[in-house]
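Reading through the structure tokens given below for one structure.
The values are calculated or read from the model by the stated rules, or taken from the named source; none is laboratory data. Because the structure is a prediction, the values reported are computed rather than measured. Because the Cβ atoms are built from the backbone with ideal geometry, glycine has one as well, and the counts that use them run over all protein chains shown.
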Amino acid sequence: MPLSSRLIDVAGGRARVRVYEGGEGPPLLFLHGAGGLMREDPFLAALASRYRVHAPLLPGYEDSTGEDRLRTMLDIALHACDVREALGLDKPLVCGLSMGGMIAAEMAALAPNDIDRLCLVASAGLWLDEHPLPDLFALLPQELPGYLFHDVERGKKLMAPGGDMNDMKFLAEFMVMNARRLGMAGKMLFPIPDRGLSDRLYRIKARTLIVWGENDRLIPLPYAEAFRAAIAGARVVTVPQAGHLVGHEKPDAVLRALATLN
Amino acid sequence: MKFTWFHLMPWPHLPDDFREKHRSVWVDIPTTLYEPRRGHHVYNEYLDQLEFAETMGFDALGVNEHHANAYGLMPSPNLMAAALARRTSKAAIMVLGDSIALYNPPIRVAEEFAMLDVLTGGRLVAGFPVGTSMDTNYAYGQIPALTREKYAEAHALIMKAWREDEPFAFNGRYTQLRYVNCWPKPVQRPRPPVFIPGGGSLETYDFCLEFDYTYCYLSYSGYLRAKQLMEGYWERVAKSGKDDSPYRGGFAQVICVAETDAEAERLYAPHVHYFYNRCLHVYPGFADAPGYRTIKTLQANALTQLSQAQLRNYPTLTWRDLVDQGYVIAGSPQTVHDRMVDLARTLRVGNIFGLFQVGNMPADKVRHSTQLFAEKVMPRLKAEMFPEWKNEDRFWIKPMQESERRMAAE
């Protein structure tokens, strides 16, 4: 079923947030990665086949605004808590992808009694010296699919920008949009995507599932184990033949893993 | 007009196959390409050139700040300015400048600039660049979307530190100091002249106008392409109600002078090509971190920047292209004079930052070009250009009288 969207006021109008919603089932709060949501996002569509999905866009993404007041990880985690509250969601399953996983983990550490089920998909937020991550902010747009997908050719099609990159006007608009999104993402991920989360993970009380693509070239598999070791009772599910965007490449496998949290 | 002899201090020993073997002259260029023992000679030769420029009558000697690169070897321009302070006595020392968002706490810049101003008897021009994205974000790790806010806060702190006579508390978002107490204070009161390098953002135009700072456009694409940008600046000046003194503006230009136009090509072309093809070989992924430019600026300039980026295909440019399209002003003294007049009129800039040492140009050629410009071009430009503003002194240094000053002992 297609998702609908609406703009909501958050934190007394300090932010305006676009939320995509759809599906029937238990409530699920989805926090997107640094790339935002794709047009007809396949991961989101899959989640909406089992859950009532609420996917807010971070300020700086599409027409969500209020990013100037979000400077630090604490600002952003509290913003996410404000969004949950504005949506009136009581103990939803919180599922975060990559950068969204970092925010979800921060929320669950900050307010451990408010979040009882957490799914971290290829989550950012940690740094292992033995496994340095590629610099997302120095990659050229055409290099991205190689880092995000197991099946790079299929990934390229999924990520097609929805316009003609040889058309200067489209390209200029794309540049502005991209700078706004990644400018916001940089507040969490630049130059190194570590804002001290590892010191706070012990606070998480939620039943936690960690899902990872076995062929993740952006945040490789050892990071799944690092999250598992730091969160009490957390379980890891790895998905073969999937890259960083495991939910886009293998949505059924991710849904099966998620079902264990019900 | 005011002429600054500006040095980038490039590494002149990059191999011929540098472009093919390495993706960038900045950020991730391997240090194996640097040789400290040769570097010793390079630094000292470059400082000799700056000192020579003072003897040739240049108004200012210019240095600037870059990091993790072979394009400009001055991570600390203040060290070079200090080296020049004791060996010069007339020229302004133009530090263009300290990237104030990179100093923690930024009071360090207020102190070091004050030291330089005192040491030189009031000859410092204080430059406050945001810094390139390569320097500020990639090499120095500043969060791109917060860089400008941090810069603005650092600026406010430095200016207040110079202005106030009593210690004060500074409660910033990025810097908190219980006691701000700038010892020493600069000789020039309330502050040295301030020059701001900019790349066409409206915020920077307004910032310069608000405080009467000189706006400087440092581009290597030449004055013909800079026309649109500087026109935008002067429109903003007119709207602000401020006067249109040409000394509110500055422009950097590669200048090569020889006896004849043909001789200029023979002498300088290889070094100019070295500069455009090796020193400016920056990996596009390092050019502009997302968030570094404001959305307002991007929206205003995205199309222009895209079309300029496409023109920046330096390897395809011949000497004739570079000269005809104004990237480089080169030729006989008469040719250079005529183009400089055209530049100054087109952009309405009273300040020129002349790049005479370019790429791997050796010292003898640097001196030859510098001397011809100083003797045969500069005096004519000074006499001819902007006569109605000849008493303008608001944007320039106000040193101590020579009789009051202590020179370095022989």
Filtered residues of the stretch A:171-198 (kept if surrounded by fewer than 22 Cβ atoms within 10 Å (Cβ to Cβ) and of a type in the set (Phe, Trp, Tyr)): A:Phe174
(1) under 25 Å from B:Leu322 (Cβ atoms); (2) crowded, with 17+ Cβ neighbours inside 10 Å all hold for B:Gly199 apart from (2)
Looking at the stretch A:94-121, which of its residues are of a type in the set (Asp, Glu) and in contact (Cβ under 8 Å) with a residue 40 or more places away in the chain? A:Glu106, A:Asp116
Among A:Ala224, A:Ala229, which is hydrophobic (A, V, I, L, M, F, W, C), within 18 Å of A:Leu128 (Cα to Cα) and surrounded by fewer than 17 Cβ atoms within 10 Å (Cβ to Cβ)? A:Ala229
So A:Gly162 passes all but one of these: (1) assigned to a loop (DSSP other than H, G, I, E, B); (2) on the phi < 0 side of the Ramachandran plot; (3) away from chain B (no Cβ under 14 Å); (4) not β-branched (Val, Ile, Thr). Which condition number does it fail? (2)
The lone exception for B:Asn137 - which of (1) within 14 Å of chain A (Cβ to nearest Cβ); (2) out of contact with any helix residue (DSSP H, G or I) (no Cβ under 9 Å at 6 or more places or on another chain) it fails: (2)
Please go through the stretch A:217-246 and pick out each residue that is in a loop (DSSP other than H, G, I, E, B) and of a type in the set (Gly, Ala, Ser). A:Ala232, A:Gly233, A:Ala234, A:Ala242, A:Gly243
Would you check if B:Arg278 is more than 14 Å from chain A (Cβ to nearest Cβ) and either over 20 Å from the mean Cα position of the chain (by Cα) or not in a helix (DSSP H, G or I) (or both)? no
Just to verify a result, which residue in the stretch B:87-101, among those that are out of contact with any helix residue (DSSP H, G or I) (no Cβ under 7 Å at 6 or more places or on another chain) and not in a loop (DSSP other than H, G, I, E, B), is surrounded by the most Cβ atoms within 10 Å (Cβ to Cβ)? B:Met94
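Residue-wise test of (1) closer than 30 Å to B:Ile29 by Cα; (2) under 17 Å from the mean Cα position of the chain (by Cα).
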residue	(1), (2)
B:Met74	yes, yes
B:Leu79	yes, yes
B:Leu84	yes, yes
B:Lys90	no, no
B:Met94	yes, yes
B:Ala110	no, no
B:Ala114	no, no
B:Val125	no, yes
Mind checking whether some residue in the stretch B:118-133 is more than 14 Å from chain A (Cβ to nearest Cβ) and assigned to a helix (DSSP H, G or I)? yes
When you go through (1) surrounded by fewer than 18 Cβ atoms within 10 Å (Cβ to Cβ); (2) touching a residue at least 12 places away in the same chain (Cβ under 8 Å); (3) within 17 Å of B:Ala258 (Cα to Cα) one by one for B:Asp364, which number turns out not to apply? (2)
Would you be able to say whether some residue in the stretch A:186-193 is modelled with pLDDT under 90 and among the basic types (Lys, Arg)? no
Could you please find all residues in the stretch A:74-99 being in contact with a helix residue (DSSP H, G or I) (Cβ under 9 Å, 6 or more places away or on another chain) and assigned to a helix (DSSP H, G or I)? A:Leu74, A:Asp75, A:Ile76, A:Ala77, A:Leu78, A:His79, A:Ala80, A:Cys81, A:Arg84, A:Met99
Quick check on my filter: what residues within the stretch B:200-228 are in a helix (DSSP H, G or I), at pLDDT 90 or above and within 20 Å of B:Lys2 (Cβ to Cβ)? B:Cys208, B:Leu209, B:Phe211, B:Ala226
Considering only residues that are assigned to a helix (DSSP H, G or I) and facing another protein chain (nearest Cβ under 7 Å), which ones fall in the stretch A:175-196? A:Met175, A:Val176, A:Asn178, A:Ala179, A:Arg180, A:Leu182, A:Gly183, A:Met184, A:Gly186, A:Lys187
Mind telling me which of the residues B:Ala110, B:Ala83, B:Ala70 ends up being of a type in the set (Gly, Ala, Ser), in contact (Cβ under 8 Å) with a residue 60 or more places away in the chain and farther than 24 Å from B:Asn313 by Cα? B:Ala110
Could you tell me which residue of the stretch B:176-199 is nearest to the chain's Cα centre (by Cα), considering only residues that are without any contact (Cβ under 8 Å) to a residue 40 or more places away in the chain and either part of a loop (DSSP other than H, G, I, E, B) or under 22 Å from B:Asn64 (Cα atoms) (or both)? B:Gly198
Does A:Ala259 count as among the small types (Gly, Ala, Ser) and either under 21 Å from A:Pro112 (Cα atoms) or within 14 Å of another protein chain (Cβ to nearest Cβ) (or both)? no
Pairs under 7 Å by beta carbon, first residue in a helix (DSSP H, G or I) in the stretch A:56-73, partner crowded, with 18+ Cβ neighbours inside 10 Å, six or more apart or different chains? A:Glu67/A:Pro59; A:Glu67/A:Gly60; A:Glu67/A:Met184; A:Met73/A:Glu106; A:Met73/A:Met188; A:Met73/A:Arg195
Failed item, numbered, when B:Gly291 is tested on (1) away from every other protein chain (no Cβ under 14 Å); (2) touching a residue at least 12 places away in the same chain (Cβ under 8 Å); (3) not β-branched (Val, Ile, Thr): (1)
Among the hydrophobic types (A, V, I, L, M, F, W, C), touching a Gly at 6+ places or on another chain (Cβ under 7 Å) and closer than 30 Å to A:Thr72 by Cβ: is that true of B:Leu177 in this structure? no
Residues located in the stretch B:64-86, provided they are among the aliphatic types (A, V, I, L, M) and in a loop (DSSP other than H, G, I, E, B): B:Ala68, B:Ala70, B:Leu73, B:Met74
Restricting attention to the stretch B:156-193, which residues are aromatic (Phe, Trp, Tyr) and within 14 Å of chain A (Cβ to nearest Cβ)? B:Tyr174
Taking the condition under 30 Å from B:Leu343 (Cβ atoms), free of Cβ contacts under 8 Å to residues at least 40 places away in the same chain and of a type in the set (Phe, Trp, Tyr), does B:Tyr151 pass? no
Does the stretch B:223-241 hold any residues that are within 15 Å of B:Asp342 (Cα to Cα) and among the aromatic types (Phe, Trp, Tyr), and which are they? B:Tyr223
